[in-house]
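Since every read-out is calculated from the coordinates, none of them should be taken as a lab result. As the structure is a computational prediction, the values presented were derived from the model and not from experiment. FYI the Cβ positions are ideal-geometry reconstructions off the backbone, even for glycines, and counts take in every protein chain you see.
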Amino acid sequence: MKKLFLVSTAIIGLTVGHAQTNVSGGIYSNTTWLKANSPYIVTDTVVVFPNVTLTIQPGVTIKFANNKRLEIRQAKLIAIGTATDSITFTSNSPTPSLGIWSGIYLNPNTSNHTHKFSYCNFKYAHNAIDKEYNDSLIIKHSSFKDNYTGIGNDYVYGIDNVFIDTSSFINNVCGIGSYVNNPAGTRLVGGKIDSCNFSSNQNTGILTQSTDVKNSIFYSNQIGVFSQGGGTTITNCIISYNTMAGIESDVGTNTIQNCQIKYNDIGIKDYSYQSGNLYTQNIIDNNNIGIRIEGNTYNPARNIYCNRICANTTYDFYNNATWAISIPQNYWCTSDSTSTTAVIYDGYDNINLGLVSFMPLDTICSPNILTNINENNSIKNTINIFPNPFSAQTTLETAIPLTNATLTVDNYFGQTVAQIKHISGQTVTFSRDNLASGLYFVRLTEENKTIAVDKLVITDR
């Protein structure tokens, strides 16, 4: 029987020594990878065999040789880091690139295992976590960056039972789900996402179906959320600067509520042809097109009411379908129906298209929308602080590229105790210097606009 092959090599520096452990082959009994033996170098694929648990301690780094992976075969993986001692999965290449190692493969089974990741960092994988069905996956306080896909697989399988909280998916090709081998795509099905940041992903932030998404930010992706199959609920999210569409939806019913949808090419692109969608209490402004309806074969009923839809560059509403659409009781930032007609594209502009009925206007919705959605309630998701709490220094990373920003730190009494000016790029390092341990509030501003706010916790040295 081939056993797990371990080689421990001491790498001695001038003042301290660090262990290194090479791993490959099979793991046949419950095993813990220790911080004392970190980093672990996966020189060839490691397989955790059925009904075995691999536990990874806080502070462990796992580095993978090119094209190698960790396979959890009807087994369980527990990787629980801490705010001050995270776990890192990355490449062992001196010049790593996107997708250079295969990822963590959760081989599906009927044992209903629950895999847990907390305070973990995933970089340069093909599918950082390759998941299909049956097992549950719980992810908290983790970062997926510079991968081909954060969570996905290379098949047309749904990714089910995924629960993600307070995590970031930045600069991947796809955050969750992908189109690797089939245009139908691999979708997150029936998951829950809360307080996450999907930014600067080359394709989609999320490709999903029947998922509950809330309190999250989708910034500067190609498509923020693509609901393929319907059943997705998107609430209290900020969806902005996505180059194709903030949200796309096709088959089925989706609900979009209490969201800010701004500065996208198309705010909402809707070509659902089986059943209707519900859009309510959203701010949809400063996009190229606010809402665009597609389709020529079937006219599902849509409930689009009590939204603020205005100040979009080309059209607030674009009906590119052959059927008539009724969307009364929205606020178009004017009480003049003639002005509203000018920002709607329909059969009056092209006789091949259906007409849009938008009366009566509803100006009462506008104050409610502005009250219900407060950008500062969610904007903190645009900043990632790690570690936090910290004892000596921490790094702040924002999804929004900065050119001349200011970082201000206030104490519990609102007094400014530290400030860094002229910040450019997306990261800044903050050192505690002589600050006492305790709770602080950090504020990132640019051109007198608040980019992000969050808490800092400084611990004893």
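Below, the figures for the structure above:
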quantity	calculated
Summed residue charge, Cβ within 12 Å of T341's Cβ, Lys/Arg positive, Asp/Glu negative	-4
Cβ charges +1 (Lys, Arg) and -1 (Asp, Glu), total dipole of the chain, debye	1480 debye
Residues S391 and T313, FRET efficiency given R0 of 41 Å [Cβ-Cβ distance, rounded to 0.05]	0.25
The chain: calculated mean residue ellipticity at 222 nm from DSSP helix runs of at least 4, using -39500 (n - 2.57)	-1000 deg cm²/dmol
Cα gyration tensor category, rounded, prolate or oblate, for segment 222-373 with a/c compared to 1.5	rounded
Flagged links, alpha-carbon separation over 19 Å, of K35/K455; K63/K123; K140/K192; K214/K262; K116/K192; K145/K262	K35/K455; K145/K262
Inter-probe distance in nm under a simple model that places probes 7 Å from Cα toward Cβ, at L439 and N286	3.1 nm
Whole-number Å³ per residue for the convex hull built on Cα positions in the chain	154 Å³
Shape call, segment 34-78: gyration tensor on alpha carbons, a/c limit 1.5	oblate
Considering only the chain, percent of DSSP beta bridges that pair antiparallel, nearest 5	25 percent
Size of electric dipole in segment 380-458: Cβ of Lys, Arg +1 and of Asp, Glu -1, about Cα centre, debye, nearest 20	80 debye
Quotient of Cα Rg and 2.2 N^0.38 Å for segment 134-235, N being how many residues it contains	0.92
